[in-house]
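Everything below concerns the one structure shown next.
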């Protein structure tokens, strides 16, 4: 027991002496919280629209100004020729072309029907869909305005109407940053933990001090604990720092029990760091460790549901996710922070993380040899 | 010349003797493509919902079955009036709850209107918004078809929309250029910088400099294997994208490879530059990962569209080489443009490559003193 205490003391002293590492521990949460959360957004800010107005009537001009007035669209250029519009898209200057054909106003007045054409750059399919739906609703609103103006009738009231009332729980403003912040926190904790732990182990190997440790009576588990515990503590410190930043910068509500967050954090980190240690026992060089870890973490992180929902993945991928510790921890973080879930709601994640943690740790323990 | 070739051979051997790293180098692009092509998706389907039906009449049953047969929704739980809504959300079992009040059909017939409540778990606001939109759409559709029998509403503006370059709205079209940028950065910039730093750290760089090899030959020798590996990887990604995921190459294949070559050169020079400032491998790795990979993934337009980012991030994005490369590749592959549309972006890459090379030469000379 005393040995463990001394080992931990040594590890903490080494971290304190490493100025670069200290700076990283403070800077990385800040950068991630500020950059990642703000960058990872699907909120549509602005779409550049090219207007092809072949009608040049007062109605078409009204429609154009309604679109331009919308906070989502900006009409930068207009022309008479639709090909100019396609050219603009090819030139990466605009992402949407609205074509108002000739006789638009006349058709609308005489036959109660008119056509519009919308060309959308669909390379980014999601943005294209969102942009199109906003455009459609602006045009729909314009449609209603015309009916009110011309026919002088109040809004057409159909005999049957089913109103759908939407209530958004836990995030009524639909603030995407609240969804991203716990995700980024999970990522942060993972990266810091893995990075610090593997760096420390590799440094010992290079300095030769690992040989010195190996000839002492230190037990394998004490040595590995020394490589895990300090970095779990530091990672959790970063987690709280990150949470604090999120609260300050975007008012992230913290609904659930923070004790649960930290408890699961420990369980999760034991698993991830155990995996990292296991990888460093099977690799020969630093480069290999880094690459193999990067490889696995990339897969785990992408599949964890941080950027895209797990429910959208094919069934086989969702099954694989059961052995992805990042996925489970991500769920825990989001559910506890945003919805205030209790431990009873998280039994599945607890069991999964426990099994994974135990497995990885045992693998690392078994593989590690005190002889070089 | 013979000296150079001998040196080159040594470099190649170094790389090929490390099978684990080789597997990873060739495995990463394949795995990434698979992930982004088949796994990562923003399409919402089979979302688990719960229905709280306090009426149990024909209309509510018809609407419920329309919702559940749409492919978007799956019944996660049948709710009873006494059940606590909070519990269901907190357990993460369903994403949305559809509520019909009592006497739904009766109200509809008598007053001409009735309400349906959609309670959405907005901890994931994007999904919540999409699900409520889908549900409203389906319900409105139901009203139009069943109750109104498609009465023609007056003054319809009909919008015909054409989705250009990607009618199927397949997200993999957007990702393939980004994956290429990322992999090329990884191999060309990061691995080059690590390789040169390693020699410096091991002390073998001094030995090399003491040999008859000129510094320029040393650098070229270090860089050439990674040039080759990157090129092979770029080709692999493009071929996989085309043949497995059906991503088109509408423009010139030659131009595509030419631009890829330019980007590789730029990334290699960046790798050399990093190695001149990094005293050892670890630092080189750090700089590459945090300073290159992370920004490449987040800010280059790879996954998240740049226009949606706040202004300071958009500015930062402009100094990232992958951002320009992605535009070029998307233009060539998906829009089918020739050089006349992308000459600006190409010039930016050329300029960056020259800058990095110039800086490296300056640094290198000083270091070797």
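We did not get these values from a lab; they are worked out from the coordinates using the rules stated. These numbers were taken from a predicted model, which means no experiment stands behind them. Ideal geometry is used to build each Cβ from the backbone, glycine not excepted, and the neighbour counts take in all protein chains shown.
Observations
- Hydrodynamic radius of chain B by the Kirkwood approach over all distinct alpha-carbon pairs: 24.8 Å.
- Taking the DSSP beta bridges with both ends in the protein assembly as shown, the antiparallel portion is around 20 percent.
- Protection proxy ranking of A:98-105, A:138-145 - average other beta-carbon atoms within 10 Å, highest first: A:98-105, A:138-145
- Legend: mean number of C-beta atoms from other chains within 10 angstrom of residue C-beta atoms, peptide B:320-332, equals 1.
- The separation of the range A:237-255 from the range B:64-135, counted between C-alpha centres, amounts to 32 Å.
- Over the range A:229-372, the pair-distance histogram of Cα-Cα distances with 5 Å bins from zero comes to 2, 9, 16, 20, 21, 15, 9, 5, 2, 1, 0 percent, rounded to whole numbers.
- Antiparallel bridges, percent of DSSP beta bridges restricted to the range A:47-151 (to nearest 5): 25
- Counting Cβ atoms of other protein chains within 10 Å of each Cβ in B:286-299 and taking the mean gives 3.
- Beta bridge orientation in chain B: antiparallel %, DSSP, nearest 5: 35
- The spacing between the range B:278-339 and the range A:300-328, judged by their C-alpha centroids, is 25 Å.
- Average Cα contact separation per residue, chain B, under 8 Å, 6 or more apart, as relative contact order %: 18
- Shown here is the pair-distance distribution of chain A: with all Cα-Cα distances grouped in 20 Å bins from zero up to the longest one, the shares run 23, 40, 25, 11, 2 percent.
- Spin-label pair residue A:81/residue B:235, simplified geometry with 7 Å Cα→Cβ offset, distance in nm: 4.2
- Peptides ranked, highest mean first, by Cβ atoms within 10 Å: ranges B:224-232, A:9-17, A:46-54: A:46-54, B:224-232, A:9-17
- Length-normalised contact order of the range B:172-299 in % [C-alpha pairs under 8 Å, at least 6 apart]: 50
- Between the C-alpha center of the range A:174-225 and that of the range A:48-76 there is a gap of 56 Å.
- Computed over chain A: relative contact order in percent, which uses C-alpha pairs under 8 Å that are six or more apart: 19
- Evaluated at q = 0.08, 0.09, 0.11 Å⁻¹: base-10 log I(q)/I(0), Debye formula over Cα of the protein assembly as shown: -0.75, -0.92, -1.27
- Cβ-Cβ distance of residue A:323 and residue B:280, R₀ of 25 Å, FRET efficiency by 1/(1 + (r/R0)^6): the value works out to about 0.10.
- Shielding value for A:334-344 is 3, the average number of Cβ atoms from other chains within 10 Å of each residue's Cβ.
- Packing, as the average of other Cβ atoms within 10 Å across residues, places the peptides B:34-42, A:335-343 in the order A:335-343, B:34-42, highest first.
- For the protein assembly as shown, the mean residue ellipticity at 222 nm estimated from helices alone is -20000 deg cm²/dmol, where every DSSP H run of n ≥ 4 contributes -39500 (n - 2.57) and the total is divided by all residues, rounded to the nearest 500.
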